[in-house]
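Colleague: Quick one: the structure is below, questions incoming.
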């Protein structure tokens, strides 16, 4: 596999990351995952803009990553994935420096790594058709979830709890509010209105979330960005997760309760259809 590492394309096995890299030592780093539908990227500029947002807030030495779109294209070609569905992974760290909690001075050169792989949907296609089981879990993450950092230990533990419960995803709850999944955004339908948590430091501004909200406007589906309280979720008629690899996936069971007869609802189906139509145009 050909990857990109600090201005060079090389075989993955040739990459050498310093043990003094702050991404390795402190998870002082950011990442992004971009879908490629048969060589065409899904909202690459928005993903790279979010990377820049995180870099600005982390005060990295680099905040403009627009050149990575062309690097992603070259990776797809070099790995002969132009006719396949693929995912491109980017990671940017603060760089190599002596271990110290404070930012090193002068600022080191950021480490930039990128790879591409064929997208393996696994059960995702089936899940989008039949729906998934999720669990709820207390949100133990830090208070800057709006930055897509690699410090994902709470997310990993939450997702593992879901796996051990025979579920697909875990939905974080903080102060009684259902926020997002361990690797997805969360939305529910109340009285034919799609509701999702408002952007804040406690959720990631999902690219697919934003795209689905635009689809709602096109499909005349009303949208509200407001808190979804756990105590009110029984009033919802539909629930779903949204994400780069999950797209629009219905939730049909939460914890030990089958939700609405275990069938995806009409708003979810309408959004899936609109999503697929858009993807067909770019793929």
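Colleague: The conditions are (1) assigned to a loop (DSSP other than H, G, I, E, B); (2) at pLDDT 95 or above, and residue 155 fails exactly one of them. Which is it?
Modeller: The single condition residue 155 does not satisfy is (1).
Colleague: Looking at the stretch 72-89, which of its residues are without any contact (Cβ under 8 Å) to a residue 60 or more places away in the chain and within 20 Å of residue 11 (Cβ to Cβ)?
Modeller: Passing the criteria: 72, 73, 76, 77, 80, 81, 82, 84, 86, 88, 89.
Colleague: Give me the residue from the stretch 158-181 that is in contact with a helix residue (DSSP H, G or I) (Cβ under 6 Å, 6 or more places away or on another chain) and part of a strand (DSSP E or B) and, out of that set, surrounded by the fewest Cβ atoms within 10 Å (Cβ to Cβ).
Modeller: The qualifying residue surrounded by the fewest Cβ atoms within 10 Å (Cβ to Cβ) is 173.
Colleague: Please determine whether any residue of the stretch 231-239 is in a strand (DSSP E or B), in contact with a strand residue (DSSP E or B) (Cβ under 6 Å, 6 or more places away or on another chain) and modelled with pLDDT of 95 or more.
Modeller: yes
Colleague: When you scan the stretch 1-92 for helices (runs of 4 or more DSSP H) that lie fully inside it, which ones turn up with 3 or more residues that are over 24 Å from residue 151 (Cα atoms)?
Modeller: Fully inside the stretch 1-92 and qualifying: 68-78.
Colleague: Another one. Name the pairs: first residue in the stretch 190-211 and closer than 12 Å to residue 244 by Cα, second residue modelled with pLDDT under 95 and in a helix (DSSP H, G or I), Cβ to Cβ under 9 Å, at least 6 apart or on different chains?
Modeller: The qualifying pairs are 211/278.
Colleague: Any idea which of 100, 117 is surrounded by fewer than 18 Cβ atoms within 10 Å (Cβ to Cβ), touching a residue at least 60 places away in the same chain (Cβ under 8 Å) and over 25 Å from residue 186 (Cβ atoms)?
Modeller: That would be 117, the only listed residue that is surrounded by fewer than 18 Cβ atoms within 10 Å (Cβ to Cβ), touching a residue at least 60 places away in the same chain (Cβ under 8 Å) and over 25 Å from residue 186 (Cβ atoms).
Colleague: For the stretch 124-157: of the residues being in contact with a helix residue (DSSP H, G or I) (Cβ under 6 Å, 6 or more places away or on another chain) and over 15 Å from residue 240 (Cα atoms), which is surrounded by the fewest Cβ atoms within 10 Å (Cβ to Cβ)?
Modeller: 140
Colleague: Just to be sure before I move on: is residue 187 within 16 Å of the chain's Cα centre (by Cα), without any contact (Cβ under 8 Å) to a residue 60 or more places away in the chain and under 21 Å from residue 234 (Cα atoms) in the structure I sent?
Modeller: Numbers: within 16 Å of the chain's Cα centre (by Cα): yes; without any contact (Cβ under 8 Å) to a residue 60 or more places away in the chain: yes; under 21 Å from residue 234 (Cα atoms): yes.
Spelling it out, residue 187 is indeed within 16 Å of the chain's Cα centre (by Cα), without any contact (Cβ under 8 Å) to a residue 60 or more places away in the chain and under 21 Å from residue 234 (Cα atoms).
The values are calculated or read from the model by the stated rules, or taken from the named source; none is laboratory data. Predicted model, so just to flag it, every value in this text is computed and none were measured. Neighbour counts run over all protein chains shown; Cβ positions are idealised from the backbone, glycine included.
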